[in-house]
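See structure below.
The values are calculated or read from the model by the stated rules, or taken from the named source; none is laboratory data. A quick note: this is a predicted structure, and the numbers were derived from the prediction, not measured. Methodologically, a virtual Cβ is constructed for each residue, glycine included, from the backbone with ideal geometry; neighbour enumeration extends over all protein chains shown.
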Amino acid sequence: MTEQKNEQKKAKQYQSFEEKRETKRPILLNCVKAFLIGGLICLIGQIITTFYIYYFDFTEQTAGNPTTATLIFITMILTGFGLYDRIGQFAGAGSAVPVTGFGNAVISAAMEHRTEGFIIGVGTNMLKLAGPVIVYGVFAAFIIALIKTIFLQLGGL
């Protein structure tokens, strides 16, 4: 029993030692940076959507897909030049949460394993992240469509 108390005491001492040495993170500043950069990315997305609506005669509903593709393409270009990583270091979650974070993760994995070849290196490692996301999205869309179909067949609105 005394051994267990000694171990607990040592663990508490180590924890207090660690807390004293740990660098304090500016949580509020990090939240503000994430909010501003994430908002800026969304603003750019809105500008791209407006561009598609006014210059290519898309509707608000149909402009979403090309806007998403454009944002991912821009992210991949910026990742290729190493710029998006700097944005990510500054903004944290603000750059990871929008669809641009997904594009960055996919292209980063592809670039990291390009020396292994296009199929084994780029293809398989790129899909380590993208694969589960795509499968989950397709599965969730199927379930939602199934529920909607059943609801409509039962006389729903």
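A compact table of results
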quantity	calculated
Of all residues in the range 113-157 being β-branched (V, I, T) and under 19 Å from V99 (Cα atoms), the one that is farthest from the chain's Cα centre (by Cα)	V138
Where a residue in the range 64-83 is among the hydrophobic types (A, V, I, L, M, F, W, C) and its partner, wherever it lies, is surrounded by 18 or more Cβ atoms within 10 Å (Cβ to Cβ) and part of a loop (DSSP other than H, G, I, E, B), with Cβ under 9 Å and at least six apart	L71/P98
Single unsatisfied condition, I120 versus (1) crowded, with 16+ Cβ neighbours inside 10 Å; (2) aliphatic (A, V, I, L, M); (3) over 28 Å from N30 (Cβ atoms)	(1)
Residues (within 39 Å of the chain's Cα centre (by Cα) and of a type in the set (K, R)) located in the range 1-36	K12, K20, R21, K24, R25, K33
Test set (1) out of contact with any helix residue (DSSP H, G or I) (no Cβ under 8 Å at 6 or more places or on another chain); (2) over 25 Å from P132 (Cβ atoms) - C42 fails condition number	(2)
Residues satisfying the stated conditions in the range 84-96, i.e. over 15 Å from G45 (Cα atoms) and touching a residue at least 60 places away in the same chain (Cβ under 8 Å)	G92
Residue match in the range 80-97 (condition: on the phi < 0 side of the Ramachandran plot and of a type in the set (D, E, K, R))	yes
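Residue-wise test of (1) over 30 Å from I27 (Cα atoms); (2) touching a helix residue (DSSP H, G or I) at 6+ places or on another chain (Cβ under 6 Å); (3) among the hydroxyl-bearing types (S, T, Y); (4) modelled with pLDDT of 95 or more.
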position: F56; (1), (2), (3), (4): yes, no, no, no
position: T79; (1), (2), (3), (4): no, yes, yes, no
position: D85; (1), (2), (3), (4): no, no, no, no
position: A91; (1), (2), (3), (4): no, yes, no, no
position: Q153; (1), (2), (3), (4): yes, no, no, no
